[in-house]
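One structure below.
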Amino acid sequence: MTDQQPLVSHDLAGVIVGETAISDVQGEAGLLNYRGFDINDLIDVPFLHVAWLVLFGEWPDSEEKSRLKSFMCRHQRLSHAEQDLLGHVSRDLHPMLMLQGMVPLLQLPQEETLGRGLDAEQGLFIAAKISGLIAAHYRLGQSKGILRPTAGKLYHDNFLRMFHGSDPTPEQVRMLDAAQILQMEHSFNAGTFAGRVCASTLAPIQSVVSASIGTLFGKLHGGADQAALEMAMAIGSPDKAAAYVEECLANKVKIMGMGHREYRTVDPRAKILKPMAMELCRDPDSLRLLETLVAVEEACQREFAGRGKEIWANVEFYKGAVFHSLGIPTHYFTAMFAQARVFGYVAHFLEFRQDSRLIRPRAEYVGHPVGSRDQSAA
């Protein structure tokens, strides 16, 4: 209202900008739920079933499960035209930039097959293609051929096979399922909100997803997973972690993956993922990196406790260790994040489009007032 004092918040912290029934982040309590289901109760559910729940607010029936599995497998496969487009992308381009550029170029389906509306059909199509694009971009960068998904295989079973060219173990598929479920959705995070801003202009869904992916790339958002593991690599070993933390704090350098904007206690996703990482990271290199991350977290907690504060690792901190143990290079970590979070992006697109309005905040002008500048130099 023009007659009311405007609300000033340069980062929108604490400002409610909309409603959602998709997920609830309770930062003070350290809780997260999708559609009313606690995240702890979802990590053992098949990945695509959770994706359906996030998208539509209900569990798929047996026919919907079968159709969804077939749909995602079919569209994980890149068409000849899509392979040709990807072939013109530099092999050295960061996977997140590849995704942000490729998504708007996809030819989306114009007919429904899942019975959930064309927007949902196109959103799931984009999600499947992102999986195929990541695997294909990696293969091309290794001078290897692009692989096709195998009918009847689970979504992440196909992805790991298409990525590495070898069969993953059931444990590896289970771990990837769990890690990706944990980062599928997180309310109005920066990437999701960027997508909502884009959707508010009535831009198409591929533009919305591309805007969200671009936002996710930042180190203060999704890029923290790559930064955290590369930090552990740079530190080298657990015995050097304390000195590293002391130096960072003395120089006011942010330690990537420590703390979270929303949670004032343990990130519930990190609470689940940390023991999973400890279970999965068995080879010497992965174990050393994981032990270094644990030592960094412990050193941070000691330093902050001495200042009367608490700090905990967030989900990005230990997620990188899981991905590393699955043979995924660090610069693909954030693309893996996008591969999961796209289902949340699509869910918010579907929800927001039901009652959308243009998002248009105000800016406080702090420049020169009119008439105060010398025009003689013009």
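Points worth noting:
- The chain, accessible surface, carbon-and-sulfur percent (1.4 angstrom probe): 51 percent
- Using R0 = 56 Å, the C-beta based FRET efficiency linking E364 and S237 works out to 0.70.
- Shape of the range 74-160, Cα gyration tensor, a/c cut at 1.5: oblate
- Each label point was placed 7 Å from the Cα along the Cα-to-Cβ direction; for R373 and V17 their separation is 2.9 nm.
- Note that the range 277-282 has calculated 3J(HN,Hα) couplings of 4, 5, 6, 8, 7, 10 Hz, one per residue in order, obtained from phi through the Karplus relation 6.51 cos²θ - 1.76 cosθ + 1.60 (θ = phi - 60°); glycine and proline are x.
- Under a Gaussian network description of the chain, with springs only between Cα atoms under 10 Å, the residue in A178, A299, A277 that fluctuates furthest is A299.
- Using 0.36 nm per residue and subtracting the Cα-Cα separation, the extra length available between Q83 and L202 on full extension is 39.9 nm.
- GNM result for the chain, Cα springs below 10 Å: residue of S62, S70, S210 fluctuating most strongly: S62
- Solvent-accessible surface (1.4 Å probe) assigned to R67 amounts to roughly 90 Å².
- Prolate/oblate/rounded call for the range 236-326, Cα gyration tensor, a/c under 1.5 rounded: oblate
- Of K153/K271; K69/K144; K65/K129; K240/K319, those spanning more than 24 Å from alpha-carbon to alpha-carbon: K153/K271; K69/K144
- Approximate spin-label separation E247-R288, in nm, with each point projected 7 Å along Cα-to-Cβ: 1.8 nm
- For the range 1-127: rounded, prolate or oblate by the Cα gyration tensor [a/c cutoff 1.5]: oblate
- Spread over its residues, the convex hull of the C-alpha atoms of the chain is 198 Å³ per residue.
The values are calculated or read from the model by the stated rules, or taken from the named source; none is laboratory data. Source: prediction; values computed, not measured. Because the Cβ atoms are built from the backbone with ideal geometry, glycine has one as well, and the counts that use them run over all protein chains shown. Side chains included, ligands, DNA and RNA excluded: accessible areas come from the protein's heavy atoms. Shrake-Rupley method; radii C 1.70, N 1.55, O 1.52, S 1.80 Å.
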